[in-house]
Amino acid sequence: MMAAEPVKRQKREAYKKSLAADDGALPKKKFFRQRAHANPFSDHALTYPKSPAEMNWASLYPAYAVKKPAEGEKEKVDESRAEGQVANEEDQRQARSITKDVEIADIGCGFGGLLFALSTAFPDTLSIGMEIRISVTEYVQEKIRALRSQNAENQAYQNIACLRANTMKFLPNFFRKHQLRAIFLCFPDPHFKQRKHKARIVSSTLCAEYAFVVRPGGYVYTITDVRDLHEWMVGHFEGHASWARVEGQELEEGEVGQCVATMSTETEESKKVTRNNGEKFVAVFRRVEDPAWPGEESEA
């Protein structure tokens, strides 16, 4: 005889069905709670693109989807090529495309506090929240859906989206080289035990991957309430040739200052630290220009 499904799971599924029936209803966190720790090295059932060109951004940002050209507007395909196949591939690519690039990534976005703040702080920029936990991802997606429905007239919150992803494994599958102008790493899992340090979201390898997807002049923003983790992140970024730490007045001015202030106040963890009178450690790193390859300077 099979055991009855846990009451908690039954209530969660029933609640999700009720949400689906009401586009404007904001989700309640209590139905989407999930343990804070997730093993990034586990074999998660994840869907991810083979390459950035295969990423279906249009499904996440429908307001920015590329419109299919009217009949007769398509350019003629070279007759020497497989005309039908080429046309079909082009249609598929166009169906996945959006009119502007995603430029900001909130890695480990949690319940989306920063993501929703970014939507209004940078209304002309597309931002993506990336979260490995299933239920937490579903919460953010449901909240985006509800806010889009509530703001259908002014098209607010169309510039943000959330997807479930393991960025430690698949970040370059989503973004082209130098596509992003900013990455946020807000209150990441500290993985206190030394044997777990390899699971931290900052490492020498990951610093290189962040450098690949962030354009020169772009930034990585970090914040934590754990001093040891802060020093770990600072040490790894400062030890990588592609990153330079931002300090002094620049942390308070312009877009950098706005981003620092936003991530210091809008995430759920940041608010919790404030309530508990805890300390917040902030560090920002600028992507420096890549040096010229040997021989390039002389050729110029």
Mind checking whether some residue in the range 212-228 is more than 22 Å from Q179 (Cβ to Cβ), surrounded by 12 or more Cβ atoms within 10 Å (Cβ to Cβ), without any contact (Cβ under 8 Å) to a residue 40 or more places away in the chain and among the hydroxyl-bearing types (S, T, Y)? no
Tell me which residues, restricted to the range 268-284, are farther than 26 Å from E247 by Cβ and not in a helix (DSSP H, G or I). N276
Tally of residues being exposed (fewer than 12 other Cβ atoms within 10 Å of the Cβ) and touching a Lys or Arg at 6+ places or on another chain (Cβ under 6 Å) across the range 234-258: 0
Can you name every one of the helices (runs of 4 or more DSSP H) wholly within the range 124-216 that holds 3 or more residues which are of a type in the set (S, T, N, Q) and modelled with pLDDT of 90 or more? 134-150
Looking at the range 44-66 only, could you name the residues that are among the small types (G, A, S), over 15 Å from Q158 (Cβ atoms) and not in a loop (DSSP other than H, G, I, E, B)? A53
Any idea how many residues of the range 259-277 are surrounded by fewer than 14 Cβ atoms within 10 Å (Cβ to Cβ) and touching a helix residue (DSSP H, G or I) at 6+ places or on another chain (Cβ under 8 Å)? 2
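The values are calculated or read from the model by the stated rules, or taken from the named source; none is laboratory data. Keep in mind it's a predicted model, so treat the numbers as computed, not measured. Neighbour counts are summed over all protein chains in view; Cβ atoms, including those assigned to glycine, are modelled from backbone coordinates with ideal geometry.
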